[in-house]
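Worksheet: the structure to be examined is printed underneath.
Just so it is clear, none of the values below were taken in a lab; they were calculated from the coordinates. Because the structure is predicted, anything quoted here is derived from the model rather than measured. In this analysis, Cβ positions are derived from the backbone assuming ideal geometry, glycine residues included, and neighbour counts consider all displayed protein chains.
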Amino acid sequence: MPLNIIKPAVRTENVTYAIRDIIVLANEVAKQGKELLYLNIGDPNVYDHKTPDHIIEATYKAMKDNKNGYASSSGVSQALDAIGRDAERKGIKNVLDIFVTTGASEAIELCLNALLDSGDNFLMPTPGYPLYTAIQSKLMLQANPYYLDENNNWAPDIEDIKAKINDKTKAIIIINPNNPTGVIYDEQILRELIDIAVEHNLVIFADEIYDKLIFDGKKHISIASLNHEASIITFTGLSKNYVVPGWRIGWGIVSGRQEILADYIEAINKLLRARISASHPMQWAISPALDGDQTHITELNKTLMKRRDITCEIIEKIDGINLVKPQGAFYAFASIDVKNDTHFIGELIKATGVVMVPGSGFGQKPGTSHFRYVILPTEDVLKRAFNYIGDFYLDYKKKFE
């Protein structure tokens, strides 16, 4: 009797997530007994970073108080109020709606779902976070990437953005601080992006999940604070700033003009209601986190800057690898003089156990090669890893190029 194979949906064919896909190879190498040095996952808890006690206590109390049923679809009022206060501190006005989601990722996906029809597109930064290409594939949308300029501190290429807009373009994604480059955008660039969005009636998706992880005394500017009438959704959450990525608590803040956004906001809320709610007890950590003690953020930034500098100093000595110095978040995106970064990373893992992500997993200009790593590991691990990388790179060039 012939097998009737179950075929998956076409929309899944191009769904990839390089950050975790690379683990398949790493696991095979680990089975051979090689020690692995993980520089691939942006999860602070995997390394030596701890969740602040007062946030844990708030969640525990909520559970003990039986806050274990469904929450409101938009979120509990105490959490929404705290998010509103945080938005005000950032200078965001004309807030029309706030909603809590299962991580900022769910907020982003819900908002794209509520905005785009088949045939539409959104402008996506390249390099950029793979979530957006995955959503694009799931919605079966036409890709519309815009490039970040490595020669200009990884700033968005304004002329490239203008050239990519068409009558089906509905939104532009801005990741600031950026993943994977770790760069923070200055006010001039942000204002230029606003001008483009307003001219073409685009919704700005402001992915600011790392907005408190800022280095060298720089200041993060929330793009929604620069224009109170532009249609902007600001996305952030507890995951990175408050060292709880596994809690999956994020949110969206819609700001702009009510008469322009009212129908779209209702569409978002229809989807919010359809999926019931985000985790109820975890939402009770939002107010203690945003309104409470921020000491851990100061200490985390000091630690991350020190670890960033260690990697920068070693990379500077490796001819053929170059890096735009990260200014925030906990990533770095180095260029490397090889023909195929995916092949390079695969061979690196097998030879040294150092696990990073090839630049092709984030998108990059044709003809260039990169790798992304995290600055979260301990100083010892980073020193060992990059010393391995320096030695391996020389051997790789001789053997394969």
- Note on the structure: Matching residues in the stretch 384-397 (under 13 Å from K339 (Cα atoms) and among the charged types (D, E, K, R)) number 1
- Item | Selection within the stretch 1-45 - outside any loop (DSSP other than H, G, I, E, B), among the aliphatic types (A, V, I, L, M) and surrounded by 15 or more Cβ atoms within 10 Å (Cβ to Cβ) | A18, I19, I22, I23, A26, V29, A30, L37
- Result of the Cβ filter at 8 Å on the stretch 219-236, keeping first residues that are in a strand (DSSP E or B) and partners that are of a type in the set (D, E), at least 6 apart or interchain, is T234/E208; F235/D207; F235/E208; T236/E208; T236/D211
- Query: Taking the stretch 57-86 as the search range and keeping residues that are part of a helix (DSSP H, G or I) and among the hydrophobic types (A, V, I, L, M, F, W, C), which one is farthest from T236 (Cα to Cα)?
  - Reply: M63
- Query: What is the one condition in (1) within 26 Å of T303 (Cα to Cα); (2) buried (at least 22 other Cβ atoms within 10 Å of the Cβ); (3) out of contact with any Phe, Trp or Tyr (no Cβ under 8 Å at 6 or more places or on another chain) that T234 does not satisfy?
  - Reply: (1)
- Query: Of the residues D395, D380, D319, D391, which single one is surrounded by fewer than 19 Cβ atoms within 10 Å (Cβ to Cβ), in a loop (DSSP other than H, G, I, E, B) and either among the hydrophobic types (A, V, I, L, M, F, W, C) or out of contact with any Asp or Glu (no Cβ under 6 Å at 6 or more places or on another chain) (or both)?
  - Reply: D319
- Message: Looking at (1) under 30 Å from F99 (Cα atoms); (2) within 23 Å of the chain's Cα centre (by Cα), which one does T303 not meet, given that it meets all the others?
- Response: (1)
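Hand me the list of helices (runs of 4 or more DSSP H) wholly inside the stretch 87-185 holding 2 or more residues that are in contact with a Gly (Cβ under 9 Å, 6 or more places away or on another chain) and either within 26 Å of Q327 (Cα to Cα) or hydrophobic (A, V, I, L, M, F, W, C) (or both).
In the stretch 87-185, 103-115 are the helices (runs of 4 or more DSSP H) which contain 2 or more residues that are in contact with a Gly (Cβ under 9 Å, 6 or more places away or on another chain) and either within 26 Å of Q327 (Cα to Cα) or hydrophobic (A, V, I, L, M, F, W, C) (or both).
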- Note on the structure: Screening R257, R248 for residues that are surrounded by fewer than 20 Cβ atoms within 10 Å (Cβ to Cβ), in contact with a helix residue (DSSP H, G or I) (Cβ under 6 Å, 6 or more places away or on another chain) and in contact (Cβ under 8 Å) with a residue 24 or more places away in the chain leaves only R248
- For the stretch 162-196 the number of residues that are surrounded by 24 or more Cβ atoms within 10 Å (Cβ to Cβ) and among the small types (G, A, S) is 1
- Of the residues in the stretch 275-300, those that are in a helix (DSSP H, G or I) and crowded, with 18+ Cβ neighbours inside 10 Å come to H280, P281, M282, Q283, I286, S287, P288, A289, L290, H296, L300
